[in-house]
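Beneath this line is the structure, given in structure tokens, with notes to follow.
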Amino acid sequence: MELVIQNLSKTYTNGTKALKNINLTIPKGMFGLLGPNGAGKSSLMRTVATLQEADNGTIMLGDLDVMRQKEEMRKVLGYLPQEFGVYPKVSAEEMLDHFAVLKGISNSRERKEVVKALLQQTNLYDVRKKNLGGYSGGMKQRFGIAQALLGNPKIIIVDEPTAGLDPAERNRFHNLLSEIGENIIVILSTHIVEDVTDLCRNFAIINKGEVLLEGDPLQVIDSIKGRIWRKFINKDELIQHQLKHEVISSRLYAGKTIIHVLSDMQPSPDFDAVAPDLEDVYFSKIYEAAKRESEAHKELVVN
């Protein structure tokens, strides 16, 4: 089963064009939706989750028309939004049982077995009696996945799930998502490049409501081999290099600034070739999109 999104657009009442003719094919497994804050990721996820209407376009989950058959979609959807609130004075076991009732699991014995299995799967069974208000951020996210798994969904959407988690909780969450993604569609919406690198066999980069790239992370990394160059500079030299080279990223390291430059040839002898990673792909696509937008603006001004 695949999720096929075609020509999807959404403009909010304030004039913001959140989605611009989005086309994506998302197969079974982990799919990363990568982009900066405000790129349109949450707008796309909310539309797929039937929480808002699109202006035009179609979304098909197999033979299911998501935009026309919202109730049918909700029966096979698990959703963990970016802001996931919990009742702080209710235990995880009680809260998950309540969610199971809402999901239509009316038989108490069946519900008890389902709740137990999900708490075990998310490694929360030993703290099932603890109030949710006492859970750490990572535990709350794992509880969010437990509720998203109720009803054996065919697709799960998780929106910025690892933001704010410490490294240990992030690893636990990654392992859990990887296990889930073996059998169903899991869409991971994030601005954290490492999450996509670690987990996803397919991904897309979205920025300003547009898909800039879609593919296999390893293949797209391979496509820019030999084109990424690194140099250590002083911070006050950054603008000079930006004017002279296609600087796609810069960061501080041990008091120095490291820049990565996109170029088919060595920019100068003091640049070193580096093996690219998905972060270089991401920044190169964001850079190229900004460059096209700037050139289009200049042409518009001239004309």
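For segment 214-231, give me each residue that is touching a helix residue (DSSP H, G or I) at 6+ places or on another chain (Cβ under 7 Å) and among the hydrophobic types (A, V, I, L, M, F, W, C).
Filtering segment 214-231 down to residues touching a helix residue (DSSP H, G or I) at 6+ places or on another chain (Cβ under 7 Å) leaves 217, 220-221, 224, 228.
Result: 220, 221, 224, 228.
Please find, among 285, 298, the residue that is of a type in the set (Lys, Arg) and either open to solvent by 60 Å² or more (accessible area, probe 1.4 Å) or touching a helix residue (DSSP H, G or I) at 6+ places or on another chain (Cβ under 6 Å) (or both). Walk me through it before giving the result.
On the way: 285 fails: either open to solvent by 60 Å² or more (accessible area, probe 1.4 Å) or touching a helix residue (DSSP H, G or I) at 6+ places or on another chain (Cβ under 6 Å) (or both).
When all the criteria are applied, what remains is 298.
Is there any pair linking a residue in segment 47-60 that is in contact (Cβ under 8 Å) with a residue 12 or more places away in the chain to one that is among the acidic types (Asp, Glu) and part of a strand (DSSP E or B), with Cβ under 6 Å and at least six apart or on different chains, and which?
Cβ pairs passing all conditions: none.
Which of the residues belonging to segment 157-186 are on the phi < 0 side of the Ramachandran plot, within 12 Å of the chain's Cα centre (by Cα) and open to solvent by less than 20 Å² (accessible area, probe 1.4 Å)?
Within segment 157-186, the first condition is being on the phi < 0 side of the Ramachandran plot, and the residues that meet it are 157-159, 161-163, 165-186.
Remaining after also requiring within 12 Å of the chain's Cα centre (by Cα): 157-159, 161-163, 186.
Of everything in segment 157-186, those that are on the phi < 0 side of the Ramachandran plot, within 12 Å of the chain's Cα centre (by Cα) and open to solvent by less than 20 Å² (accessible area, probe 1.4 Å) turn out to be 157, 158, 159, 161, 162, 186.
Exactly one condition in (1) surrounded by 14 or more Cβ atoms within 10 Å (Cβ to Cβ); (2) out of contact with any Phe, Trp or Tyr (no Cβ under 6 Å at 6 or more places or on another chain) is false for residue 202; which is it?
(2)
If you take the residues of segment 100-138 that are open to solvent by 90 Å² or more (accessible area, probe 1.4 Å), not charged (D, E, K, R) and not in a helix (DSSP H, G or I), which of them is farthest from residue 74 (Cα to Cα)?
This residue is 123.
Suppose we keep only residues that are within 30 Å of residue 43 (Cβ to Cβ) and of a type in the set (Val, Ile, Thr) within segment 83-136. Which one would you say is modelled with the lowest pLDDT?
86
Could you look through segment 248-259, keep only residues that are over 15 Å from residue 223 (Cβ atoms) and in contact (Cβ under 8 Å) with a residue 24 or more places away in the chain, and pick out the one that is farthest from the chain's Cα centre (by Cα)? Working first, answer last.
Of the residues in segment 248-259, the ones over 15 Å from residue 223 (Cβ atoms) are 249-259.
After this cut, where a residue has to be in contact (Cβ under 8 Å) with a residue 24 or more places away in the chain as well, the list is 249, 256-259.
Working: 249: 21, 256: 31, 257: 28, 258: 26, 259: 26 Å.
Only one residue fits best here, namely 256.
Tell me whether segment 223-237 contains one or more residues that are of a type in the set (Asp, Glu), closer than 29 Å to residue 38 by Cα and surrounded by 11 or more Cβ atoms within 10 Å (Cβ to Cβ).
no
Could you list all residues from segment 87-138 that are of a type in the set (Lys, Arg) and closer than 22 Å to residue 170 by Cα?
First, pick out the residues of segment 87-138 that are of a type in the set (Lys, Arg): 89, 103, 109, 111-112, 116, 128-130.
Within segment 87-138, 128, 130 qualify.
Evaluate the following for residue 270: is it over 24 Å from residue 199 (Cα atoms) and open to solvent by 30 Å² or more (accessible area, probe 1.4 Å)?
Numbers: over 24 Å from residue 199 (Cα atoms): yes; open to solvent by 30 Å² or more (accessible area, probe 1.4 Å): yes.
Yes, satisfied.
Does segment 260-287 hold any residues that are free of Cβ contacts under 8 Å to residues at least 40 places away in the same chain and among the hydrophobic types (A, V, I, L, M, F, W, C), and which are they?
Kept after step one, since they are free of Cβ contacts under 8 Å to residues at least 40 places away in the same chain, are these residues of segment 260-287: 260-270, 283.
Passing the criteria: 261, 262, 265, 283.
Please count how many residues of segment 24-76 are open to solvent by 70 Å² or more (accessible area, probe 1.4 Å) and either at pLDDT 95 or above or farther than 18 Å from residue 214 by Cα (or both).
Applying the first criterion (open to solvent by 70 Å² or more (accessible area, probe 1.4 Å)) to segment 24-76 yields 28, 37-38, 46, 51, 53, 55-56, 63, 68-69, 71-72, 74-75.
Still in the list and also either at pLDDT 95 or above or farther than 18 Å from residue 214 by Cα (or both): 37-38, 46, 51, 53, 55-56, 63, 68-69, 71-72, 74-75.
Residues that pass the stated criteria total 14.
Restricted to segment 229-270, and to residues that are aliphatic (A, V, I, L, M) and part of a loop (DSSP other than H, G, I, E, B), which residue is modelled with the lowest pLDDT?
Taking segment 229-270 as the starting set, the residues that turn out to be aliphatic (A, V, I, L, M) are 233, 238-239, 243, 247-248, 252, 254, 258-259, 261-262, 265.
Filter again for part of a loop (DSSP other than H, G, I, E, B), leaving 254, 265.
Details: 254: 83, 265: 95.
Per the criteria, the residue is 254.
The values are calculated or read from the model by the stated rules, or taken from the named source; none is laboratory data. Fair warning: this is a prediction, and the values are worked out from it, not measured in the lab. Cβ atoms come from the backbone with ideal geometry, glycine included; neighbour counts cover every protein chain shown. Heavy atoms of the whole protein, side chains included, go into the accessibility calculation; ligands, DNA and RNA do not. Shrake-Rupley method; radii C 1.70, N 1.55, O 1.52, S 1.80 Å.
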